1. Please go through the range 89-174 and write out the GluC sites (Glu not before Pro) that DSSP classes as loop and that have at most 16 other C-beta atoms within 10 Å.
2. Quick one: in the range 24-115, what % of C-alpha pairs are over 17 Å apart?
3. Suppose the chain between VAL123 and GLN26 were pulled fully straight at 0.36 nm per residue; how much longer would it get relative to their current alpha carbon spacing?
4. Quickly rank 87-97, 108-118, 44-54 as a protection proxy: mean count of other C-beta atoms within 10 Å, highest first.
5. Hull surface divided by four, with the convex hull built on the Cα atoms of the range 74-130: how many nm²?
6. How much area per residue is accessible in the range 18-110 when the probe is 1.4 Å and only protein heavy atoms are counted (Å²)?
7. Please compute the modelled spin-label separation between LYS65 and LYS153, points set 7 Å along Cα→Cβ, answer in nm with one decimal.
8. Place a point 7 Å from the Cα of ARG47 along the Cα-to-Cβ direction; which residues of the range 86-110 have their backbone N under 19 Å from it?
Amino acid sequence: MLKGERCLSPKCAVVRRSYAPGEHGQGFRGKVSQYGKQLREKQKAKRIYGIDEGQFARYVTEAEKYVGNRSEGLMQLLEMRLDNVIYRLGFASSRAQARQYASHGLFTVNGKSVTIPSFQLKVDDVVTPKVTKLFKELPLNQANIWLEADSKKLSGKVLHRPSREEIDTPINESLIIEFYSR
């Protein structure tokens, strides 16, 4: 979720209400077309990863160059971003916080300072915080098979590109590819 810790509590808006906000949120909703479903998935993916329209379209264009499954290529490109890896390793409680950490230059990749949240990581890249005392008490997330977290050195390493089974984001990426292939 976008709000990090808040969506783990009962105060999460998604859990509390299953309808849209506002005066007409509980009103009649018509049948959603195929285009509407594709648009909703694209918007959901953009909001989850915190990406604007132009950058997301470039990721889709880049994913279409992949030889294999284009939708899996799109998810790999989104997951291999620096801000997402910081979030997946457990250094940040939300992707927005991880994006801010990356843009403020709090992390290094292979010993070099990187201030671009959309920086594409490669296999065997090592991500470490510049100031380790800021992150000593944070538990590193061990759930990701494609990342290796070292809590003693306070670093994370990309072991391999994630497959779709290793990505737990609730997105139907094939609808996104269909949306852009119109």
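The values are calculated or read from the model by the stated rules, or taken from the named source; none is laboratory data. Fair warning: this is a prediction, and the values are worked out from it, not measured in the lab. A quick note on method: Cβ atoms are made from the backbone with ideal geometry, for glycine too, and the neighbour counts reach across all protein chains shown. Surface areas here come from the heavy atoms of the whole protein model, side chains and all, with no ligands, DNA or RNA. Shrake-Rupley method; radii C 1.70, N 1.55, O 1.52, S 1.80 Å.
1. Hits after loop and neighbour filter: GLU137.
2. Value for the range 24-115: 61 percent of Cα pairs lie more than 17 Å apart.
3. 30.2 nm
4. Top of the packing list down: 87-97, 44-54, 108-118.
5. Here the figure is 3.4 nm², rounded to one decimal.
6. Ligands and nucleic acids excluded, the result is 53 Å² per residue.
7. Result: 3.1 nm between the two label points.
8. Residues 94-99 qualify, since their backbone N sits under 19 Å from the label point.
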